[in-house]
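The structure under discussion appears below in the form of structure tokens.
Just so it is clear, none of the values below were taken in a lab; they were calculated from the coordinates. Note that the structure is a prediction, hence the values are computed from the model and not measured. As a convention, Cβ positions derive from the backbone with ideal geometry for all residues, glycine included, and neighbour counts pool all protein chains shown.
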Amino acid sequence: MSYAVASSLQEAVYERLTFDAGVYDLVQGAVYDGVPAGTVPPLFVSLGEEKVTDRSDADGYGAVHEVVVSVVSSANGFQAAKRLAGAISDALLGTPLALERGYLVGIWFRGAHARRVARSGTRRIDLRFKAQVRDNS
């Protein structure tokens, strides 16, 4: 197994979500690698946790990354968050991601969990994607 492509995958996901027109129209670049400090925008994207498993074989190193991309909204309902979640899904599943190291075998939507966060009153949708990568170094 190799974790060597993880940084490249995260960078590609971050760049895609930051510069995709459909996502940008909804959050104007409010895409974070973690929750921002201070005042947060009313609607934003946060890259979340990741679980990685080995997919190496006789031809080389590979891994499957189960990644979470979160939509957080302070709106009273889920409509804006769901619209943004759809744009994120379109952005990641459309044109294949280009990685600085290695290459993307494929990326698939695995599921989502939409909920209201009781203590903050925000709405949150955690989107789960599975990305399989190969290291070509």
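Work out, step by step, the length gained on full extension between Ala118 and Ala4: first 0.36 nm times the residue separation, then minus their alpha carbon distance; give nm to one decimal.
Values: separation 114, 0.36 × 114 = 41.04 nm, distance 3.78 nm.
Extra length from Ala118 to Ala4 when fully extended: 37.3 nm.
Which percent of Cα-Cα pairs in the chain sits in each 5 Å bin, short to long?
2, 11, 20, 22, 18, 12, 8, 5, 2, 1, 0
In what sequence do Thr95, Thr18 fall when counting other Cβ within 10 Å, fewest first? Present the calculation step by step, with values, prior to reporting the outcome.
Numbers: Thr95 9, Thr18 16.
Neighbour counts put them in this order, fewest first: Thr95, Thr18.
Quick one: grab the alpha carbon gyration tensor of the range 1-49, order the square roots of its eigenvalues as a ≥ b ≥ c, and give me rounded if a/c is under 1.5, else prolate or oblate depending on whether a/b is larger than b/c. Present the calculation step by step, with values, prior to reporting the outcome.
Numbers: a/c = 3.67, a/b = 1.61, b/c = 2.28.
Oblate, since a/c reaches 1.5 and b/c is not below a/b.
If I model a spin label as a point 7 Å beyond the Cα along the Cα-Cβ vector, how far apart are those points for Ser56 and Gln132 in nm?
1.8 nm
Could you line up Tyr24, Tyr32 from fewest to most neighbouring Cβ atoms inside 10 Å? Write out the running numbers ahead of the final one.
On the way: Tyr24 16, Tyr32 20.
Least to most surrounded, the residues fall as Tyr24, Tyr32.
Test of understanding: ordering Lys82, Lys51 by Cβ neighbours within 10 Å, fewest first, what list do you get?
Working: Lys82 16, Lys51 11.
If I rank by nearby Cβ atoms, fewest first, I get Lys51, Lys82.
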